[in-house]
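Notes follow once the structure below has been shown.
The values are calculated or read from the model by the stated rules, or taken from the named source; none is laboratory data. None of these values were measured; they are calculated from a predicted model. Because the Cβ atoms are built from the backbone with ideal geometry, glycine has one as well, and the counts that use them run over all protein chains shown. Please note that ligands, DNA and RNA were not included when accessible areas were found on the heavy atoms of the full protein model with its side chains. Shrake-Rupley method; radii C 1.70, N 1.55, O 1.52, S 1.80 Å.
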Amino acid sequence: MPVFKAPFNGYSVKFSPFYESRLAVATSQNFGILGNGRLHVIDLSPAPAPLGPGAPRQPITELVSYDTADGVYDVAWSESHDSLLVAAIADGSVKIYDTALPPASNPLRSLHEHTREVSSADYNPTRRDSFLTSSWDDTVKLWTVDRPASVRTFKEHAYCVYSAVWNPRHADVFASASGDCTLRVWDVREPGSTMIIPAHELEILACDWNKYDDCCIATASVDKSIKVWDVRSMRVPVSVLNGHGYAVRKVKFSPHRQSLIMSCSYDMSVCLWDYMVEDALVARYDHHTEFAVGVDMSVLVEGLLASTGWDELVYVWQHGTDPRAP
């Protein structure tokens with residue numbers, strides 16, 4: 001199983017939507033509390049040639065990295081340009097990088113509007129010209145790549161917004177998850193949120209939309225659970241997934257299987273779930289030795305998974321077929 005060792009603590013990992021072997025990794029020094037950050041772009045392709053006689057091929061190659069004065073908490077690939085990345089930075093800035101340009105030309109742009117740490121970035125998968133950022137300043141901001149200022153700020157949450165994610169079908173709809181224990185659904189054409197779900201009794205750290213059902217959304221919480229909701233009937237969740245021992249940090253729906261969910265937790269595990277069956281836990285991976293805080297599933301290769309954590313490692317593996325999987 002390919003492993004990438006970063007110098008700092010892993011925070012987020014994302015597969016490129018254009019190149020099946022390419023990933024971006026967001027990292028922060030000193031567990032993101034204080035210090036520098038680094039954004040890595042890595043490739044699973046083996047090195048073109050061994051380093052010498054008998055030398056092993058490197059399973060993961062670093063294509064480029066970008067240093068930041070503060071930690072990098074999240075990263076999102078552009079859906080329209082194969083070389084563009086959006087990074088969420090601990091100093092409140094949002095930085096745009098272009099891997100096609102020399103390092104000295106990066107970041108392409110640095111957007112300073114959030115007043116506290118930026119916790120997430122998500123590129124619009126349908127319109128492909130805009131992206132969202134969420135922040136510990138309790139807001140979500142909407143941006144377009146070509147504008148130096150945000151298009152709009154969404155401020156209703158009463159505490160940190162940890163995650164803001166576009167609906168995969170509706171270009172104007174997104175959801176946000178907050179430490180105020182609510183999930184909110186928004187339409188950028190409307191003046192305020194269109195839906196408020198008191199989804200958990202403790203902080204909600206992440207949310208994600210089902211890629212095959214645009215009314216289905218999952219939330220992950222400090223209460224150790226993942227809940228799946230149908231926004232048409234929000235009184236009770238469709239499913240509650242229990243099994244993590246500590247707070248669930250990220251949750252991700254599969255781009256290939258409607259009912260498959262990936263999660264990671266402060267219990268150091270990465271789990272796969274099928275929320276439509278009674279015995280929902282499909283697989284549990286215990287390869288991390290510190291908090292597991294980032295997961296992703298490849299859009300281009302079914303079953304190709306990645307995770308990162310505070311142990312400074314990025315793991316990439318094929319679910320179900322990789323004999324080297326942890």
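What percent of all Cα-Cα pairs in the stretch 189-277 falls into each 10 Å bin, going from 0 up to the bin containing the maximum distance?
With 10 Å bins starting at 0, P(r) equals 17, 51, 27, 4.
At a 1.4 Å probe radius, which order do Phe154, Phe18 fall into by accessible area, largest first?
So the residues, ranked largest to smallest area, are Phe18, Phe154.
Just the ratio, please: alpha-carbon radius of gyration of the stretch 99-215 over 2.2 N^0.38 Å, N its number of residues.
Expressed relative to 2.2 N^0.38 Å, the Cα Rg reads 1.08.
Given a 1.4 Å probe and heavy atoms of the protein chains only, how would you sort Thr68, Thr126, Thr115, largest accessible area at the top?
Of Thr68, Thr126, Thr115, the descending order of accessible area is Thr115, Thr126, Thr68.
So, taking all protein chains as they sit and a 1.4 Å probe, how much accessible area belongs to Met1, in Å² rounded to tens?
40 Å²
Would you mind getting the accessible area per residue of the chain, heavy atoms of the protein chains only, 1.4 Å probe, in Å²?
Each residue of the chain exposes 41 Å² on average to a 1.4 Å probe.
So what's the stretch 214-326 giving for Rg/Rh, alpha carbon basis, Kirkwood Rh from the mean inverse pair distance?
Radius of gyration relative to Kirkwood radius: 0.96.
Find, among the trypsin sites (Lys or Arg not before Pro) in the stretch 232-302, those assigned to loop by DSSP (not H, G, I, E, B) with at most 12 other beta-carbon atoms within 10 angstrom.
Taking the stretch 232-302 and a limit of 12 other Cβ atoms within 10 Å, the loop trypsin sites (Lys or Arg not before Pro) found are Arg232, Arg235.
For a 29 Å ceiling on Cα separation, which of these pairs sit above it: Lys95/Lys211; Lys5/Lys211; Lys5/Lys95; Lys5/Lys141?
As for pairs spanning more than 29 Å Cα to Cα, those are Lys5/Lys211; Lys5/Lys141.
Can you pull the percent of the chain's accessible area that's carbon plus sulfur, 1.4 Å probe, other chains left in place?
53 percent
If you build the Cα gyration tensor of the chain and take the root of 5 times each eigenvalue, what three semi-axes come out, in whole angstrom, biggest first? List each step's numbers first, then the result.
Details: eigenvalues 162, 119, 61 Å².
That gives 28, 24, 18 Å for the three semi-axes.
Quick one: which residues, 5 or more positions from Gly294 or on another chain, have an amide H under 5 Å from its amide H? H modelled 1.01 Å from N in the peptide plane, none for Pro or chain starts.
Correct list: Thr308.
Enter the accessible area of Cys207 (Å², nearest 10), with the probe set to 1.4 Å and all protein chains included.
So the heavy atoms of Cys207 present about 10 Å² to solvent.
May I ask you to give the average projected area over all directions of the convex hull of the Cα atoms of the stretch 52-134, in nm² rounded to one decimal?
7.2 nm²
Across the stretch 198-208, in residue order, what do the Karplus-derived ³J(HN,Hα) couplings come to in whole Hz, using 6.51 cos²θ - 1.76 cosθ + 1.60 with θ = phi - 60° and x for Gly and Pro?
Couplings: x, 6, 9, 8, 10, 3, 9, 9, 7, 8, 7 Hz.
Can you tell me the relative contact order of the chain? Whole percent, Cα pairs under 8 Å, sequence separation 6 or more. Intermediate values should be presented prior to the final figure.
Details: 991 pairs, mean separation 43.3, N = 326.
The normalised contact order for the chain reaches 13 percent.
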